[in-house]
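A.B. asks: One structure, as structure tokens, below. Some questions next.
Taken together, the values in this text are just the output of simple stated rules run on the coordinates, not laboratory data. Predicted model only: the values in this text are computed from it and were never measured. As a convention, Cβ positions derive from the backbone with ideal geometry for all residues, glycine included, and neighbour counts pool all protein chains shown.
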Amino acid sequence: MMYCLVISIFMYFSGLLSFCLNRKHMLLMLLSLEFIVLSLYFNLYIYLSCYGFEFYFGMIFLTMSVCEGALGLSILVSMIRTHGNDYFHTFNVLW
């Protein structure tokens, strides 16, 4: 059980590292966020199975993460249609 927890924590921090290093492309940032959500779900599953709780909260968490992923993809499609690519430096929010 401890081995699975270490894997989950390693997945989370590697997702954070990937999120920080790929901050120029929106698609890579969204993939990193989905990897972080997947590692959090894995950690939640380990916690709930260890203590014998029901997995109802896991279903709610998966539903919210799917909604977050669909919202991110819609923002990505909108950005590509208006600007032509997914680089953050092509559109200036502050100007």
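A.B. asks: May I ask you to list the residues in the stretch 43-92 that are over 22 Å from LEU31 (Cβ atoms) and hydrophobic (A, V, I, L, M, F, W, C)?
C.D. replies: ILE46, LEU48, CYS50, PHE53, PHE55, PHE57, MET59, ILE60
A.B. asks: Name the residue that is farthest from SER65 (Cα to Cα), counting only residues in the stretch 10-50 that are free of Cβ contacts under 8 Å to residues at least 24 places away in the same chain and of a type in the set (A, V, I, L, M).
C.D. replies: That would be LEU21.
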